[in-house]
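Trainee: One structure coming up, written as structure tokens, with questions to follow.
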Amino acid sequence: MAIKRLTTTFPSFLSSLLNSYTQIFFSDSWIFSVILVIVSFFDFWAGLSGVIAVMASNTLAYLIGLNRQKIKRGYYGFNSLLVGLGLGVFYQPGPEFFIILGFASLLTLFLTVWMEGVIGKYGLPFLSVSFLLGTWLVSLATRQFTALHVSERGIYMTNEMFRLGGQKMVTSYNLLADMGIPESVRLYFTSLGAIFFQYHLMAGVLIAIGLLIYSRIAFILSLVGFFSAYAYYHFIGADIHELSYSFIGFNFILTSIAVGGFFIIPSRWSFLWVILLTPLISIILTSTQAIFSMFQLSVYSLPFNVVVLIFLYVLKFRERFFDKPELVSFQQNSPEKNLYAHSNYKTRFGKSLYFPFMLPFWGEWKVTQGHDGEVTHQGDWRHAWDFEVTDDEGHTWSGEGNNREDYYAFGKPVVAPADGHVEEVIDDVDDNEIGRVDLEHNWGNTIILRHADQLYSKLSHLKKGSIRVSAGDAVKKGQVLASCGNSGRSPVPHLHFQLQATPWIGSPTLDYPLSHFIRHKNGGYEMISYESPENSVPVSNIVKNSSLERAFHFIPGQQFRFKVIPASGREYQVAWEVKVDAINQVFLFCEETGSRAWFRNDGDIHYFTYFEGDRSSVLYKFFLGAYKVMTGYYRDLLVKDQFPVNIFNNRVAGLVQDCVAPFFFFTRSEYRLHYLDMGDDLMQTDISLHAEVKARLGTFELRNMSCDIFVGIHGLERFIIREKGNETIVHLISSR
């Protein structure tokens, strides 16, 4: 009853407690948090002090009314945890101590919020700055508190081990200590343990195991950071015992993880910077120790905070080389997730940063002169296209072809390739007779549209008197602007289309891709995204299919209920709802499993972008099967894409891939969607799609799954999942 009342009063209380522990390592892994809680209790009173400090800080943050999500993530608790652990180790427990601990937690919370405002306004993390300030202030103040007594625990480690687990624990500890572990490795483990104020090997070994479970990249970075420092100390002849003094070497470990894989995308560049920053940490460490020793204070994590904050701040002033190294734009609390998601996003959507342009016409047209044309598209005007309409035999005219009206393109609508404003219009140039050109009015009747700063489109050789817009008008994508003509330097009716950086007729062209279009080649269809149409190839815009558009147009608040018929076992039902998160991203939410599948839809294509939750859930399988769906129907069309390798992979291969991912990828996860039949051509419905999902190592297949999706006139009807010889059928019962 008490637990129920607590969860009602303070939702996510347990999550906020556990996440406060893992936030010290920039993690949200519950397994790692349990290990860290256990480690903190190697000194019982220190562990208890840490728990009390976190509970006090998080509860006060909740009662004050601070952001619930940040409380849940442990952002307001981990600094207080460190203060509690530090004070708990240093002082003997007693009523006076716990009263001081409560107020120290409150002070640290206030300092944390202050640091969030002061440092956060520069787009920087506040790290453990409030722990430093809080610990130093309380340490200086408590020297005047005669009721507090300094602890003698930890002086004799064998006694501490006996308290923890009796003679068996002492034997295990001695066995570990007598294994002949090299000095550098011993210092590495004790430095890890020192992060939680536990100064012995066993604590460090457990933390290292937890770190390895949480992130292979973070574990490797901890090794790189510490052993780079160890090698540097030997190289310059510095006192290696400085690393063992209070085991302050953890500054190198935390800096390495922060710079190498958390705030920066893991890569060879991030690893290089970890090594380059090592001497800076050493300089700050040695110099600040000399100053703080006069006040009998430890520098704790000061070098880590200074180096990380300064380095991140410096990177914000770059004007080039933004990927050497590259800052994390969307934090996922895992170096692997940051790397895989970032790499996949660049591959899938890197070109979508371009302003989206469609083809400036309806129907199928052929590129009769592309970039670097043989006739006119040369020099500064090389990046342009000429389009004409052809018949099945490839002819651009009917009959004799002696008249303008004989050409299929003449008089066809020309539409706006994107939203914009009309910059300039010419509409008084006569259309040429076939074979003749007007050299005086080179571009003929023309419309120039402004779409963004230094981004304009130009449509030329339009039919005289057909232009429907005037300078200054706002136009929408797909709006009919004029008709194709034969004016200017144009021997036959065609449409000239180019993109340019300046608003004048005759401006040089830009090499700029079009967003999505269909390429008609060898009797089939290909969906092309953010490329330039090739010469001599017929192309068209994507024509939406109403059934497919309805099936994959998910609206916030929309709810679905499905009946699931597994290969074995009883059938059951699941419910999904379309929701919007705090940063306005839309996702499907599964009520039964709590899983989330984020998606985006640009009007032509539905994309799933990220999954979080139960990977045995039906939502996860649908996420894989409908990863990328074009909302137009073209028989036998093949849509290709790829997953982040951590989303769909063989488990063993995935673990090995994690270790080398900052340097190269040897596995890949592929997606293929085949457009099969459309049962009702008249109503354009009853569509079947077949998706294949595969994880590969070279040509070797590590894992596979398939998903058949069936779409009716009212949208999605059912999908069938096949994996490892098992088949699961999922029927849509209702949607509203």
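The values are calculated or read from the model by the stated rules, or taken from the named source; none is laboratory data. Nothing here was measured: the structure is a model prediction, and the numbers come from that model. Because the Cβ atoms are built from the backbone with ideal geometry, glycine has one as well, and the counts that use them run over all protein chains shown.
Trainee: Any residue at all in the stretch 21-44 that is assigned to a helix (DSSP H, G or I) and under 19 Å from Ser139 (Cβ atoms)? Steps first, please.
Mentor: From the stretch 21-44, those assigned to a helix (DSSP H, G or I) are 21-25, 30-40, 44; that's our starting set.
If we keep only those that are under 19 Å from Ser139 (Cβ atoms) too, we end up with none.
Among the residues of the stretch 21-44, not one is assigned to a helix (DSSP H, G or I) and under 19 Å from Ser139 (Cβ atoms), which makes the answer no.
Trainee: More than 28 Å from Gly134 (Cα to Cα), surrounded by fewer than 20 Cβ atoms within 10 Å (Cβ to Cβ), in contact (Cβ under 8 Å) with a residue 40 or more places away in the chain and not aromatic (Phe, Trp, Tyr): which single residue out of Ala231, Ala238 fits that description? Walk me through how you get there before you give the answer.
Mentor: Numbers: Ala231 fails: in contact (Cβ under 8 Å) with a residue 40 or more places away in the chain.
Of Ala231, Ala238, the one residue that is more than 28 Å from Gly134 (Cα to Cα), surrounded by fewer than 20 Cβ atoms within 10 Å (Cβ to Cβ), in contact (Cβ under 8 Å) with a residue 40 or more places away in the chain and not aromatic (Phe, Trp, Tyr) is Ala238.
Trainee: Then there is this: In the stretch 654-678, how many residues are in contact with a helix residue (DSSP H, G or I) (Cβ under 8 Å, 6 or more places away or on another chain), in a strand (DSSP E or B) and not polar (S, T, N, Q)?
Mentor: At the first step, the residues of the stretch 654-678 found to be in contact with a helix residue (DSSP H, G or I) (Cβ under 8 Å, 6 or more places away or on another chain) are 655, 658-659, 661-663, 665-667, 671.
Checking the rest, the ones that are also in a strand (DSSP E or B) come to 667, 671.
Subsequent filtering for residues that are not polar (S, T, N, Q) retains 671.
Looking only at that region, the number is 1.
Trainee: Follow-up question, since we're still on this one. I'm trying to understand the selection: among the residues of the stretch 598-614, which are farther than 30 Å from Ser29 by Cβ and assigned to a strand (DSSP E or B)? Let's see the steps before the verdict.
Mentor: Filtering the stretch 598-614 down to residues farther than 30 Å from Ser29 by Cβ leaves 601-606.
Scanning the stretch 598-614 gives Asn601, Ile605, His606.
Trainee: Taking the condition of being within 21 Å of Thr112 (Cβ to Cβ) and either at pLDDT 95 or above or crowded, with 20+ Cβ neighbours inside 10 Å (or both), how many residues in the stretch 25-46 meet it? Talk me through it step by step, then tell me what you get.
Mentor: Restricting attention to the stretch 25-46, the residues satisfying the condition of being within 21 Å of Thr112 (Cβ to Cβ) are 25-28, 33, 36-37, 40, 46.
With the extra rule that they be either at pLDDT 95 or above or crowded, with 20+ Cβ neighbours inside 10 Å (or both), the set shrinks to 25-27, 33, 36-37, 40, 46.
Of the residues in that region, 8 qualify.
Trainee: Now for a different question. Among the listed residues Ala567, Ala551, identify the single one that is crowded, with 19+ Cβ neighbours inside 10 Å and out of contact with any helix residue (DSSP H, G or I) (no Cβ under 8 Å at 6 or more places or on another chain). I'd like the intermediate steps shown before the answer.
Mentor: Values: Ala567 fails: crowded, with 19+ Cβ neighbours inside 10 Å.
Every option except Ala551 fails the conditions.
Trainee: Another one. Would you please name the residue that is surrounded by the most Cβ atoms within 10 Å (Cβ to Cβ), looking only at residues in the stretch 286-336 that are closer than 22 Å to Leu221 by Cβ and aromatic (Phe, Trp, Tyr)?
Mentor: Phe304
Trainee: Is it the case, given these coordinates, that Asp636 is within 30 Å of Ile713 (Cβ to Cβ), of a type outside the set (Gly, Ala, Ser), loosely packed, with under 14 Cβ neighbours inside 10 Å and in contact (Cβ under 8 Å) with a residue 12 or more places away in the chain? Give the derivation first.
Mentor: Working: within 30 Å of Ile713 (Cβ to Cβ): yes; of a type outside the set (Gly, Ala, Ser): yes; loosely packed, with under 14 Cβ neighbours inside 10 Å: yes; in contact (Cβ under 8 Å) with a residue 12 or more places away in the chain: yes.
In short, yes.
Trainee: Tell me which of these Phe648 doesn't satisfy, since it passes every other one: (1) touching a residue at least 12 places away in the same chain (Cβ under 8 Å); (2) in a loop (DSSP other than H, G, I, E, B); (3) surrounded by fewer than 20 Cβ atoms within 10 Å (Cβ to Cβ).
Mentor: Failed condition: (3).
Trainee: I'd like to know if the stretch 707-727 contains one or more residues that are touching a Pro at 6+ places or on another chain (Cβ under 9 Å) and farther than 30 Å from Leu221 by Cβ. Don't jump to the end; show me each part of the working.
Mentor: First, pick out the residues of the stretch 707-727 that are touching a Pro at 6+ places or on another chain (Cβ under 9 Å): 726-727.
Next cut, farther than 30 Å from Leu221 by Cβ only: 726-727.
Checking the stretch 707-727: at least one residue is touching a Pro at 6+ places or on another chain (Cβ under 9 Å) and farther than 30 Å from Leu221 by Cβ.
Trainee: Moving on. Of all residues in the stretch 397-415, which are of a type outside the set (A, V, I, L, M, F, W, C) and under 19 Å from Ser466 (Cβ atoms)?
Mentor: Once the filter is applied, which keeps residues that are of a type outside the set (A, V, I, L, M, F, W, C) and under 19 Å from Ser466 (Cβ atoms), the stretch 397-415 yields Asn403, Arg404, Glu405, Asp406, Tyr407, Tyr408, Gly411, Lys412, Pro413.
Trainee: Taking the stated definitions as given, is Gln642 crowded, with 19+ Cβ neighbours inside 10 Å and over 22 Å from Gly524 (Cα atoms)? Quick ask: steps written out before the conclusion?
Mentor: On the way: crowded, with 19+ Cβ neighbours inside 10 Å: no; over 22 Å from Gly524 (Cα atoms): yes.
When the stated conditions are applied, Gln642 does not pass them.
One line per residue, one yes/no per condition, for (1) within 29 Å of the chain's Cα centre (by Cα); (2) modelled with pLDDT under 95; (3) not in a helix (DSSP H, G or I):
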residue: Pro93; (1), (2), (3): no, yes, yes
residue: Phe97; (1), (2), (3): no, yes, no
residue: Thr112; (1), (2), (3): yes, no, no
residue: Phe131; (1), (2), (3): no, no, no
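Trainee: Give Ser298, Ser293 a once-over and let me know the one that is free of Cβ contacts under 8 Å to residues at least 40 places away in the same chain and over 35 Å from the mean Cα position of the chain (by Cα). Break it down into steps so the answer makes sense when it comes.
Mentor: On the way: Ser298 fails: free of Cβ contacts under 8 Å to residues at least 40 places away in the same chain.
From the options Ser298, Ser293, the qualifying one is Ser293.
Trainee: Which one is farthest from Pro538 (Cα to Cα) among residues in the stretch 440-451 that are in a loop (DSSP other than H, G, I, E, B) and touching a residue at least 60 places away in the same chain (Cβ under 8 Å)?
Mentor: Of the stretch 440-451, the ones in a loop (DSSP other than H, G, I, E, B) are 440-444.
Next, only the ones that are touching a residue at least 60 places away in the same chain (Cβ under 8 Å) stay: 442-443.
Working: Asn442: 26, Trp443: 24 Å.
Checked the stretch 440-451; the qualifying residue farthest from Pro538 (Cα to Cα) is Asn442.
Trainee: Is at least one residue of the stretch 604-614 free of Cβ contacts under 8 Å to residues at least 60 places away in the same chain, under 22 Å from Ser343 (Cβ atoms) and touching a His at 6+ places or on another chain (Cβ under 9 Å)?
Mentor: Looking for residues that are free of Cβ contacts under 8 Å to residues at least 60 places away in the same chain, under 22 Å from Ser343 (Cβ atoms) and touching a His at 6+ places or on another chain (Cβ under 9 Å), one finds at least one in the stretch 604-614, hence yes.
Trainee: Would you check if there is a residue in the stretch 192-199 being farther than 20 Å from Asn305 by Cα, modelled with pLDDT under 85 and over 34 Å from the mean Cα position of the chain (by Cα)? Quick ask: steps written out before the conclusion?
Mentor: From the stretch 192-199, those farther than 20 Å from Asn305 by Cα are 198-199; that's our starting set.
Among the residues that remain, those that are also modelled with pLDDT under 85 are: 199.
Still in the list and also over 34 Å from the mean Cα position of the chain (by Cα): 199.
Yes - at least one qualifying residue is present in the stretch 192-199.
Trainee: Sticking with this one: Contact list please: Cβ distance under 7 Å, first residue in the stretch 708-736 and more than 16 Å from Ile687 (Cα to Cα), second residue among the polar types (S, T, N, Q) and surrounded by 16 or more Cβ atoms within 10 Å (Cβ to Cβ), pairs at least six apart or on different chains.
Mentor: These pairs meet every condition: Ile721/Thr728; Arg722/Ser706.
Trainee: Here's another thing I want to ask about it. Can you tell me which residue within the stretch 497-550, out of those that are outside any strand (DSSP E or B) and closer than 15 Å to Phe361 by Cα, is nearest to the chain's Cα centre (by Cα)? Explain how you work it out, then say what you get.
Mentor: Of the stretch 497-550, the ones outside any strand (DSSP E or B) are 501-508, 510-513, 522-523, 532-537, 541-543, 545-550.
In the following step, the residues that additionally are closer than 15 Å to Phe361 by Cα were identified as 533, 541-543.
Working: Pro533: 30, Asn541: 29, Ile542: 28, Val543: 30 Å.
Result: Ile542.
Trainee: Give me the pairs, please: first residue somewhere in the stretch 64-92 and in the same structural domain as Tyr21 (by TED's automatic domain parsing), second residue anywhere and surrounded by fewer than 24 Cβ atoms within 10 Å (Cβ to Cβ) and aromatic (Phe, Trp, Tyr), beta-carbon distance under 6 Å, and either six or more positions apart or on two chains.
Mentor: Pairs that qualify, where the first residue is in the same structural domain as Tyr21 (by TED's automatic domain parsing) and the partner is surrounded by fewer than 24 Cβ atoms within 10 Å (Cβ to Cβ) and aromatic (Phe, Trp, Tyr), are Ile71/Tyr62; Gly88/Trp45; Tyr91/Phe97.
Trainee: Counting residues that are under 26 Å from the mean Cα position of the chain (by Cα), of a type in the set (Gly, Ala, Ser) and crowded, with 17+ Cβ neighbours inside 10 Å, which strands (runs of 3 or more DSSP E) fully inside the stretch 679-723 reach at least 2? Let's see the steps before the verdict.
Mentor: On the way: elements: 685-697, 700-712, 715-723.
In the stretch 679-723, 685-697 are the strands (runs of 3 or more DSSP E) which contain 2 or more residues that are under 26 Å from the mean Cα position of the chain (by Cα), of a type in the set (Gly, Ala, Ser) and crowded, with 17+ Cβ neighbours inside 10 Å.
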